[in-house]
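Taking it in order: structure first as structure tokens, then the write-up.
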Amino acid sequence: MVMRSGRPGIMEYQVSSIFMYYCYKFGGGREMGYIPICPSGDRSKILHYGGQSAPNDFQIKDGDMCLFDMGGEYHCYLTDITTSFPVNGRFTETQRTVYNIVLETMQDVVNAIKPGYTWREARRQCYKSLLGYLKKEGLVVGEVQDMYDVKLHRVFMPHGIGHFIGCDVHDVGGQASYWCWSDSEVKDVDWYDDTLEWCPLERNMVMTIEPGCYFNDVLLDPAIKDEKQGKFMVADEISRYRGMGGVRIEEVFVVTEGGCEVISDLPRTVEEVEAFMSNPAPSDIPFLDTF
């Protein structure tokens, strides 16, 4: 509903208000799990955009990719889901490429999750898949393991891969055991996920997976000049993607006996998103035409 309501010319905070209205009217959810994150265009490279310092206050323009990260609260339980889509309903070539990189990374991680699988294994799978798909599209070159070793994934995805969810958006769980790790283990740690690092997944755990790919000059420019990271980066190809911001896809899943079940329900493939966006905005939002 919020995806269809977003359109060129609407303000980001208006999209946020539609989501809050819809949660309350149709679900009785009076509270949000967190301030909705509603960047569009180049601003979608900003993590946790939408707070006091960046209050969803830009106008969405034709051709922008929107990255909407929102979650309602109901009876003290929260959710946290992210979708990325073109506001005009049609992906450009570069938007489609980045979106599919993130979606395929997501699918790789979801397909690997099962009881006993550790978050450390999930993290490695996520970052290596991301680097592999970037390589497939010609944005980076070299061996994926070599790129992973110099943490090139952090240039394109400067955040963790997910978290527990329940009575808090980032619910409790996992263990921070890095004080007793060996030197080789510490070298491989990604501090974005340190508290989950050694957490074996168990049946009925509810968590999120949220891979992303962003094109942030603040991260790209130093990396291209860096002796260790720059040799893997194809600067001319990367430049084609600058200015689009980024893509993030976040699913909520529950660990099952033999794998996991995704319980968030949104159009996800490029074809599904474009088909969904081709339908008109819902008519049950009485104030939508005033935006």
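The values are calculated or read from the model by the stated rules, or taken from the named source; none is laboratory data. If you're wondering where the values come from, they're calculated on a predicted model, not measured in any experiment. In this analysis, Cβ positions are derived from the backbone assuming ideal geometry, glycine residues included, and neighbour counts consider all displayed protein chains. Surface areas here come from the heavy atoms of the whole protein model, side chains and all, with no ligands, DNA or RNA. Shrake-Rupley method; radii C 1.70, N 1.55, O 1.52, S 1.80 Å.
What the table shows:
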| read-out | value |
| --- | --- |
| Cα-projected label distance for residue 1 with residue 263, points at 7 Å along beta-carbon direction, nm | 2.1 |
| Packing-based order for 225-238, 116-129, using average beta carbon neighbours within 10 Å, highest first | 116-129, 225-238 |
| Whole-number percent relative contact order across segment 1-106, with pairs defined as alpha carbons under 8 Å at least 6 apart | 28 |
| Most to least packed among 5-14, 20-29, 210-219 [average Cβ atoms within 10 Å] | 210-219, 5-14, 20-29 |
| Part-to-part distance (alpha-carbon centres) for segment 46-95 and segment 210-257, which is given in Å | 17 |
| Difference of contour (0.36 nm per residue) and Cα-Cα distance, residue 271 to residue 24 | 85.9 nm |
| Environment charge of residue 203, counting only residues whose C-beta is closer than 13 Å and scoring Lys/Arg +1, Asp/Glu -1 | -2 |
| Where the chain is the region considered: accessible area per residue in Å², 1.4 Å probe | 46 |
| Taking the chain and dividing mean pair separation by its residue count, relative contact order in percent (alpha carbons under 8 Å, at least six apart) | 24 |
| Extension gain (nm, one decimal) between residue 236 and residue 121, 0.36 nm per residue minus Cα-Cα | 38.1 nm |
| Cut-off 10 Å between beta-carbons: net charge of the residues surrounding residue 74, Lys and Arg +1, Asp and Glu -1 | -1 |
| Answer label, with semi-axes √(5λ) of the Cα gyration tensor in Å calculated from the coordinates and candidates (1) 31, 25, 16; (2) 47, 19, 18; (3) 77, 55, 15 | (1) |
| Around residue 24: net Lys/Arg minus Asp/Glu count, Cβ-Cβ under 10 Å | +1 |
| Percent carbon-and-sulfur accessible area, the chain, ignoring ligands, DNA and RNA, probe 1.4 Å | 50 |
